[in-house]
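What follows draws every value from the coordinates through simple rules; no lab data is involved. From a predicted model like this one, the values you see are computed outputs, not experimental measurements. Note: ideal-geometry Cβ built from the backbone for every residue, glycine included; neighbour counts use all protein chains shown.
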Amino acid sequence: MNILNSYFFASISGSSGGNINSSNVALIANIFLTTLVTSIFTPELHSLLVSAISWCTVAVLLFLIQQQAARNGELQVTIDRKTRRKVTALVGCILLSGVCERVVGPSWVGKAAWWHKAGLPLVTRFLRNYTLGEPGILEGGLQRGSKRLLALVSIIAFLALAPIVIPDMSMAIGLSSIVFQSMVYVLMEDITLGSIKDSKNMPGATADLKSLAHSGYLRGAIGATAGFVLLSAYFERSLRDYALPNFAGFSLARIVAMGMVSRLSSPSGSIIDLSITLIASQLVLWTSPFQVFGTVASLILASFHFAGMPSNREILPQRFGPTRTVVASILIIMILGSLFASAIPRTTVVSAPPTVPPPHIHPIAHLMEHGSNEFAAMKQRQSTSLRDAVRNYKKRYGMPPPPNFDKWYEFAVSRKSFLIDEYDTIFHQIQPFWGMPPKMIRERAREVLGFPQAFIKMSLRNGKVSEIEDGEEWQRDATVGMLNNFKQWIPDMDLAFNTHDEPRIIVPTEEMSVSIKRAKNVRRAENPKNVFTGFPAEERHKIPPVQYSRFNEFAHQAIWGNSKLSCQPETPARDLLEEMPDAIERYSLPPIPFITNRTASTDVCLQPSVRHRHGFFQRPNAYHVSHNLFPVFSQSKVSCYNDLIYPSPWYWAGKVSYDEDKDVSWGKKKDLLYWRGSTTGGFSRNGGWRQQHRQRVVSHLNGFNETSQIFELENNDQKTIWRVKTDKRSNFKSSIDVKFSHIGQCDEKDCDEQREFFKPSDMVDQQDAWGYKYLLDMDGNAFSGRFYAFLLSNSAVFKMALFREWHEEWLVPWVHYIPLSLDMSESIETLRYFTKEKEGMEGIRRIAEQGRYWAKKVLRKEDFEVWFFRLLLEYGRVIDDNRDKIGFDL
């Protein structure tokens, strides 16, 4: 370490004989300063590309230095055979480490990252001081150091390739990565300083940029660059957008700066270099206490390591750093602790619902903070390995995952899915079918498909789509497209896809309760078989026609009486006298009812007033319903319906597109709430449009002669608090541009009345919406097909919806969008806060950015596939005759 220390002190203080204490202070300051400078978020989808650019930067800079030195006739170092072998080993360790990190991908959190941060300084110190000896001793032949190097790399490579040896995959990846990285630093130091020592014949020779350029380090950088380019081309070739992301301040210039600072601010092989490149580059990923502790621990250990300048590097003074025994003990404790922790399933974080905030905090600010905590908890609790995913599945649902769950997990990881465990929607909608015999479910699917009644008929046999009929071509193509990449892992099944916007299945609560009770009593094997049974021979043929249907048509009629049948008897919707008010306290807080619980706010059983306020319950445009539990797949549904929702083909087919070239930056957008659309949502007859949701929303936002409750700041006893007051809506007219552009789905008289009342605007292009900061989105006949395009834009989304879609668990209100209630009573204050208050203006821009960023992460076609894959695995198990004996386990 004398060589290393003398270099640092010389480089920092200007001479090798500088004051040691001041140099130590400067050295420790350098660690933290460089860590801060290089704290740049590396996008997971481009991690190998980033590594390639970083190493390429180093190679180019060293090459230029080498050429300049050659022209000046300065130091030359011969690259002999043994150095070339070391360089080969160096490049191999660099690439293996990169592959380890790539394998973990977007789940590089939790124990794996903690191992990387906290364990790397210890492992590097152990290898550098106690295993490989002095720099330059790794000869080309199998000397002592080379044998140890070969043994270490072989063992860790085996562990990395066979993680079953270690109970926790994240621990195996973490161990493998830190050993490979540690070997990189030790080999770089050995190559560089060993070559210099041989060249100068001076044990105390120090490294500088010129000597680095003439050593094997340059070749190592070139080899690493080439390797990472090839790995990036292979692993990241499926990326649709190969351009570098522009989020989190990420740009090519900053990557180049990171590469220059991290690789060249200290000599290769030093603890400072490892602190910079590995600890600092991921410092911003503070998603768990483990990582925070790991970061702090690694920096402290790095500081201890260089706190003194002992004459004998083999034995550091106890007061300056850990001894050999201490290092070995810490490593053993870390391994045992990780093994123990891996045996404990990760618990699901469930936070308490938001409470009434203090009077000096605006309720929206309180809800945004609560939403951010919910979102952080959701990301944190995700499994980082197959073993974790299986454990968490068992803990959540009390049974093993379905067969081929390992194939699903591999598929999800290959598609860079961020969310591995958030599939409660699938479980709850499949659960009632566990209360039915598998054969009955299959028969009911065939019954649905045997009668022409607005369904796409799809049959899967032997991992292929053997038949698909009916429905529109775009919907058939999109549905097949969503399962093409995983259909080989799906068992035989017949699927009925609803072609109507509206849901189709509503089971009375008494029957549903029986099914749920039976489902909970199903006994499942402790050692399930990871294989589907398949269809019986008599069911593999083509679906025969059926002469009757158990679906009844009630289009253009009031359907509240049908819809409330699935509500529990004690809920307001089932009040026989129809006098119970909405249970608004379940999903909002007084005095202005901002949405606090998105799920409860869309539960129609809690708010019977929806029968007078939503077009679906007034007169749906299409309505073919059954009160029997049929396996019908629909694109969305209201809470009281029992359809199986799946990712909508409408989104997959890109029916409402987002053209980024037509979008503008936030500062160039108009400061307005914007919406254009038609009077869909129900059929209007005899003035019924006055009770339909779209007409009510447009009327409310344009009711400038009326008043609304808002908050205002008031000084009270030398304290600033928020007080409620009533204000004219006309004061907010300049912030609202919400109009109909088409009148339809109505009798002639009602259409004329609406044209006279609303005075619709001219038809507009969908892409015109990107000129506005605030975009309103709301239900039509069912879900709104514009939601994803709105989220992908640079605008913020205000959403009013009762219909639920597949993504409900993945998007967090007040983080990715602003939820609005059906009566819109809080809408004016919500708009005022975000357009007039400084904290609100900052918050709404943050929501727009977060919504756009997260939509790009979890609302891709790849995410549709991952969700649909898991849904069909669950459905495939529940219709299997041996469903109580099959499943996946480790």
Between 680, 554, 587, whose Cα lies farthest towards the positive end of the dipole of region 543-689 when Lys and Arg beta carbons carry +1 and Asp and Glu beta carbons carry -1, centred on the Cα centre? 680
Region 657-861 shape via C-alpha gyration tensor axes, a/c threshold 1.5: oblate
What residues qualify as long-range amide H neighbours of residue 799, i.e. H under 5 Å apart, gap of 5 or more or another chain, H built at 1.01 Å from N? 777, 818, 820
If you put +1 on each Lys and Arg Cβ and -1 on each Asp and Glu Cβ, how big is the dipole of region 842-890 around its Cα centre, in Debye rounded to 20? 400
Assertion target for 827, 515, ordered by fewest C-beta neighbours within 10 angstrom first, is 515, 827
Quick note on 866, 638, 480, ordering by fewest other C-beta atoms within 10 Å, gives 480, 638, 866
Taking alpha-carbon centroids only, region 733-765 lies from region 831-890 a number of Å equal to 34
Give me a comma-separated list of calculated 3J(HN,Hα) values for region 781-786, in order, Karplus coefficients 6.51, -1.76, 1.60 applied at θ = phi - 60°, integers in Hz, x for any Gly or Pro. 5, 8, 5, 8, x, 9
Cα gyration tensor shape of region 748-795, rounded if a/c is under 1.5, else prolate or oblate by comparing a/b with b/c: prolate
Dipole in debye (nearest 20) - region 415-565, about Cα centre, beta carbon charges: Lys, Arg +1; Asp, Glu -1: 680
With +1 at each Lys and Arg Cβ and -1 at each Asp and Glu Cβ, the charge dipole magnitude of region 657-861 around its Cα centre, to the nearest 20 debye, comes out at 340
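Arranged by the count of other C-beta atoms within 10 angstrom, fewest first, what order do 765, 880, 747 take? Show your work: numbers first, answer last.
On the way: 765 9, 880 24, 747 16.
Least crowded to most crowded, the residues run 765, 747, 880.
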Let me make sure I get this right: for region 411-497, a, b and c are the square roots of the gyration tensor eigenvalues over alpha carbons, sorted descending. Under 1.5 in a/c it's rounded, otherwise prolate if a/b > b/c, else oblate. Which is it? oblate
Dipole of region 657-861 [Lys/Arg +1, Asp/Glu -1 at C-beta], most positive-end residue of 854, 760, 772: 854
